[in-house]
Amino acid sequence: MPRWVDEAFEDYAKRMPRGLRIELVEIRPAPRGEGKTTEQLLQTEAARIERALPRGARRVALDERGRELGTPAFAKWLEALGLEGRDPAFVIGGADGLAPQVKRGAELLLRLSAMTLPHGLARVLLAEQLYRAATILGGHPYHRA
């Protein structure tokens, strides 16, 4: 990832209130070349994603065809998860997106935009929206509706 992605993500992660931390787990992309098809690369990445996902977490796959939530609705959804005692695990695809089984295994397909976003930008945007949702739930004035 470019430095600006890491810096922006870390900035929002540091701002999160106690008890609402963001943990980033990066999956090494499957090596390109060696005559592997996109499908084979996605399958390799899907296996790595599966191993990295925490047990019991609500899986959310980011996808441009997913459900779109406004920020206040996203905050309410996160609040409901907290009441259930479950943490979300957001999955952002790489250059080729996510394998179909990763999307099928998600409890929610979520889109950040109708536009296709590079995965680094999606990471920063998601971190900002998680922070914004936390400020809404905490009554902080960061979000001005």
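Residue 48 - would you say it is closer than 19 Å to residue 106 by Cβ and either touching a residue at least 12 places away in the same chain (Cβ under 8 Å) or not in a loop (DSSP other than H, G, I, E, B) (or both)? Walk me through it before giving the result.
Working: closer than 19 Å to residue 106 by Cβ: yes; either touching a residue at least 12 places away in the same chain (Cβ under 8 Å) or not in a loop (DSSP other than H, G, I, E, B) (or both): yes.
Yes; evaluated as a whole, the condition is true for this residue.
Would you mind stating whether residue 75 is open to solvent by 70 Å² or more (accessible area, probe 1.4 Å), among the small types (Gly, Ala, Ser) and out of contact with any Asp or Glu (no Cβ under 8 Å at 6 or more places or on another chain)?
On the way: open to solvent by 70 Å² or more (accessible area, probe 1.4 Å): no; among the small types (Gly, Ala, Ser): yes; out of contact with any Asp or Glu (no Cβ under 8 Å at 6 or more places or on another chain): yes.
No: the conditions fail for residue 75.
Return the residue satisfying two criteria in turn: it lies in the range 27-54 and is surrounded by fewer than 10 Cβ atoms within 10 Å (Cβ to Cβ) and under 26 Å from residue 87 (Cβ atoms), and of such residues it is modelled with the highest pLDDT. Break it down stepwise before answering.
Of the range 27-54, the ones surrounded by fewer than 10 Cβ atoms within 10 Å (Cβ to Cβ) are 28, 31, 33-35, 37, 51.
Then keep just the ones that are under 26 Å from residue 87 (Cβ atoms); that gives 28, 51.
Values: 28: 86, 51: 95.
This residue is 51.
Could you give me the residue pairs with C-beta distances under 9 Å whose first residue belongs to the range 15-27 and is outside any loop (DSSP other than H, G, I, E, B), whose second residue is surrounded by 15 or more Cβ atoms within 10 Å (Cβ to Cβ) wherever it lies, and which are 6+ apart or on separate chains?
Going by the 9 Å Cβ cut-off, the qualifying pairs are 15/131; 15/134; 15/135.
Here is a yes/no grid of residues against (1) within 27 Å of residue 137 (Cβ to Cβ); (2) within 12 Å of the chain's Cα centre (by Cα); (3) not polar (S, T, N, Q):
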| site | (1), (2), (3) |
| --- | --- |
| 15 | yes, no, yes |
| 24 | yes, yes, yes |
| 29 | no, no, yes |
| 58 | yes, yes, yes |
| 67 | yes, no, yes |
| 78 | yes, no, yes |
| 93 | no, yes, yes |
| 112 | yes, yes, yes |
| 120 | yes, yes, yes |
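Check 80, 89, 106 and return the single one that is in a loop (DSSP other than H, G, I, E, B) and either without any contact (Cβ under 8 Å) to a residue 12 or more places away in the chain or closer than 17 Å to residue 55 by Cα (or both). Full working, then the answer.
Numbers: 80 fails: in a loop (DSSP other than H, G, I, E, B); 89 fails: in a loop (DSSP other than H, G, I, E, B).
Residue meeting the stated conditions: 106.
For the range 110-125, which positions are touching a residue at least 24 places away in the same chain (Cβ under 8 Å), under 17 Å from residue 88 (Cα atoms) and among the aliphatic types (A, V, I, L, M)?
Scanning the range 110-125 gives 110, 112, 122, 124.
Go through the range 31-79 residue by residue and tally those that are aromatic (Phe, Trp, Tyr) and on the phi > 0 side of the Ramachandran plot.
Taking the range 31-79 first, the residues aromatic (Phe, Trp, Tyr) are 74, 77.
Pick out the ones that are also on the phi > 0 side of the Ramachandran plot and you get none.
Qualifying residue count for the region: 0.
Taking residue 137, is it touching a helix residue (DSSP H, G or I) at 6+ places or on another chain (Cβ under 6 Å) and either among the small types (Gly, Ala, Ser) or over 30 Å from residue 33 (Cβ atoms) (or both)? Working first, answer last.
Values: touching a helix residue (DSSP H, G or I) at 6+ places or on another chain (Cβ under 6 Å): yes; either among the small types (Gly, Ala, Ser) or over 30 Å from residue 33 (Cβ atoms) (or both): yes.
Yes; evaluated as a whole, the condition is true for this residue.
Looking only at the range 55-69, which residues are assigned to a strand (DSSP E or B) and surrounded by 15 or more Cβ atoms within 10 Å (Cβ to Cβ)?
Taking the range 55-69 as the starting set, the residues that turn out to be assigned to a strand (DSSP E or B) are 58-68.
Within the range 55-69, 58, 59, 60, 61, 62, 63, 64, 66 meet the criteria.
The values are calculated or read from the model by the stated rules, or taken from the named source; none is laboratory data. Quick caveat, the model's predicted, so the values are computed rather than measured. For neighbour counting, all protein chains shown are included, and Cβ atoms are generated from backbone atoms with ideal geometry for every residue, glycine included. For the accessible areas, the whole protein counts, side chains as well, though only heavy atoms, and no ligand, DNA or RNA atoms are used. Shrake-Rupley method; radii C 1.70, N 1.55, O 1.52, S 1.80 Å.
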